[in-house]
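Participant: Below you'll find the structure I mean.
The values are calculated or read from the model by the stated rules, or taken from the named source; none is laboratory data. Treat the numbers as computed from the prediction; the structure is a model and nothing was measured. Every residue, glycine among them, receives a Cβ derived from its backbone with ideal geometry; neighbour counts consider all protein chains shown. Accessible surface is based on the protein model in full, side chains and every heavy atom, while ligands, DNA and RNA are left aside. Shrake-Rupley method; radii C 1.70, N 1.55, O 1.52, S 1.80 Å.
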Amino acid sequence: GLVYPRVYAVLDARWPGTTARAVCSKTAADIALLGTVGNSFSIGCRLRIGGEQLPEVLVALRDTMPAVLLNELRVWLPYNLLAFRLVPTPVRPATTSLVTLCWQVYISWTAHHHQARVA
């Protein structure tokens, strides 16, 4: 993906290093930004492309985002803590891409599962 490497580069520039403070700051910022705005945008776009109107998209986001955010914490919190602390910066795009691939499958399933429930 194009988003994660750029976001991680910004986070690394803002909080350089692998100290506990830097790692926790980068992890919290990533989850706050991509976990909320990024996931909402991704699900919302998938629903709009799938033909949902804006009011239905907003209802779907209201219904799905609490579980998505909980799963965000289950997946990305431990990954980011490990990645920002242990994975070398040049290797991180590859490991992040693998996790992102799985995450996007989940996001796609979530959006389409909600469409199927409503239909």
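Participant: With (1) assigned to a helix (DSSP H, G or I); (2) modelled with pLDDT of 95 or more as the list, and TYR4 as the residue in question, which single condition is left unmet?
Facilitator: (2)
Participant: So how many residues does the stretch 32-57 have that are within 17 Å of THR110 (Cβ to Cβ) and in contact (Cβ under 8 Å) with a residue 12 or more places away in the chain?
Facilitator: 15
Participant: Pairs under 6 Å by beta carbon, first residue in contact (Cβ under 8 Å) with a residue 40 or more places away in the chain in the stretch 64-93, partner of a type in the set (Asp, Glu), six or more apart or different chains?
Facilitator: Between residues of the stretch 64-93 that are in contact (Cβ under 8 Å) with a residue 40 or more places away in the chain and residues that are of a type in the set (Asp, Glu), the close pairs are ASN80/ASP30.
Participant: Just wondering, is there one or more residues in the stretch 1-13 that are within 20 Å of TRP109 (Cβ to Cβ) and either touching a strand residue (DSSP E or B) at 6+ places or on another chain (Cβ under 9 Å) or open to solvent by 30 Å² or more (accessible area, probe 1.4 Å) (or both)?
Facilitator: First pass over the stretch 1-13, keeping only residues within 20 Å of TRP109 (Cβ to Cβ): 1, 3-4.
Pick out the ones that are also either touching a strand residue (DSSP E or B) at 6+ places or on another chain (Cβ under 9 Å) or open to solvent by 30 Å² or more (accessible area, probe 1.4 Å) (or both) and you get 1, 3.
Scanning the stretch 1-13, I find at least one residue that is within 20 Å of TRP109 (Cβ to Cβ) and either touching a strand residue (DSSP E or B) at 6+ places or on another chain (Cβ under 9 Å) or open to solvent by 30 Å² or more (accessible area, probe 1.4 Å) (or both), so the answer is yes.
Participant: So, THR89, is that one modelled with pLDDT under 95, surrounded by 12 or more Cβ atoms within 10 Å (Cβ to Cβ) and assigned to a helix (DSSP H, G or I) or not? Can you show your working first?
Facilitator: On the way: modelled with pLDDT under 95: yes; surrounded by 12 or more Cβ atoms within 10 Å (Cβ to Cβ): yes; assigned to a helix (DSSP H, G or I): no.
Judged against the criteria, THR89 is not a match.
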